[in-house]
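Data first, discussion second: the structure below is written as structure tokens.
The values are calculated or read from the model by the stated rules, or taken from the named source; none is laboratory data. Quick caveat: nothing in here was measured; it's all calculated off a predicted structure. All Cβ positions, glycine included, derive from the backbone under ideal geometry; neighbour counts span all protein chains shown. Areas reflect the complete protein model, heavy atoms only, side chains present, ligands, DNA and RNA absent. Shrake-Rupley method; radii C 1.70, N 1.55, O 1.52, S 1.80 Å.
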Amino acid sequence: MGKVYLVGAGPGDPGLLTLKAKAILERSDVVFYDALISPEILALIPPTALRIHAGKRRGRHSLAQDEITEQLMAKAQAFETVVRLKGGDPFVFGRGAEEAEALLAAGIAVEVVPGVTAGVAVPAYAGIPLTHRLFSSSVAFVTGHESAGKYAPQVQWRSFAQGAETIVIYMGLHNLAFIVAELMAGGKPPETPVALISEGTCTTQQIVVSQLGTIVAAGVDLPSPTLAIVGDVVKLQPELFAASPLRSDSSGS
């Protein structure tokens, strides 16, 4: 019986992979990897290891979640080091916890290797601080793409309008019009600064900065994955982008 490692690969830039994640990848026997893992990180997998694509994009799943879990169990019985390589952090808006529960229930050893989550790294690469003494002392991380019917209540967007000074929204591009309408109905002014960051931390990163009342139209052509940041901290983006590792605004915004 082997061990399954739930490894966070970070949001895109291979330089954000942790040393522990790198060491585990380099001695892996089997790797189940997500769709957005960079080629540089995949290159760390030994050529003798079995690679299994388990990525999910909207409307396109290479494997169903039940299949992934079943295959993880099967490979753990045949190999020593099985890696489930996930974008970002395994326990932040992913299914790492579900996979860990199923594996542990089957008597399979599991270890979580945290990764840098997009909600922290992507704004930083775009020049947006999540907190600032003059603008924000509270941050909320929320998914814009819920699993329908799994639990109640659903995200109460109107309460977030007054409940956090900075709102970081994962996977919200498809539902952005609804989210914006709910935030404004909850009292968020339409002049509230908003940034959309597509393919964050990568050289293909695009940044669109606008206001809550106009952001839907401004971001209509952005590809996924896209992260949204709502709040006055976005005002600092033009100045602080000079501190970004990317140091150039590919969107021209």
Inset, instruction - Would you confirm whether any residue within the stretch 141-158 is open to solvent by less than 50 Å² (accessible area, probe 1.4 Å), farther than 30 Å from Ala54 by Cα and part of a helix (DSSP H, G or I)? - result: yes
Legend entry - Every pair of residues 6+ apart whose Cβ atoms lie under 6 Å, when the first sits in the stretch 142-168 and is acidic (Asp, Glu) while the second is modelled with pLDDT under 90 and open to solvent by 60 Å² or more (accessible area, probe 1.4 Å): Glu146/Gln154
Inset, instruction - Given the conditions (1) open to solvent by 60 Å² or more (accessible area, probe 1.4 Å); (2) at pLDDT 95 or above, report the number of the one that Leu183 does not fulfil. - result: (1)
Legend entry - Members of the stretch 70-79 found to be closer than 18 Å to Val112 by Cβ and either out of contact with any helix residue (DSSP H, G or I) (no Cβ under 9 Å at 6 or more places or on another chain) or open to solvent by 60 Å² or more (accessible area, probe 1.4 Å) (or both), listed by number: Lys75
Inset, instruction - Could you tell me whether Ala195 is modelled with pLDDT of 95 or more and out of contact with any helix residue (DSSP H, G or I) (no Cβ under 7 Å at 6 or more places or on another chain)? - result: no
Inset, instruction - Sort out which residues of the stretch 2-27 are out of contact with any Leu (no Cβ under 6 Å at 6 or more places or on another chain), closer than 19 Å to Gly94 by Cβ and in a loop (DSSP other than H, G, I, E, B), and write them in order of number. - result: Pro11, Gly12, Asp13, Leu17, Thr18
Inset, instruction - Working only within the stretch 207-248, note down all residues that are open to solvent by less than 60 Å² (accessible area, probe 1.4 Å), under 20 Å from Ser138 (Cα atoms) and assigned to a strand (DSSP E or B). - result: Leu227, Ala228, Ile229, Val230
Inset, instruction - Please enumerate the residues belonging to the stretch 104-127 that are touching a Lys or Arg at 6+ places or on another chain (Cβ under 9 Å) and open to solvent by less than 20 Å² (accessible area, probe 1.4 Å). - result: Ile108, Val113, Gly115
Inset, instruction - May I ask you to list the residues in the stretch 16-27 that are within 23 Å of Val122 (Cα to Cα), surrounded by fewer than 18 Cβ atoms within 10 Å (Cβ to Cβ) and in contact (Cβ under 8 Å) with a residue 40 or more places away in the chain? - result: Thr18, Lys20
Legend entry - Any hit, the stretch 82-96, residues being surrounded by 21 or more Cβ atoms within 10 Å (Cβ to Cβ) and part of a helix (DSSP H, G or I): yes
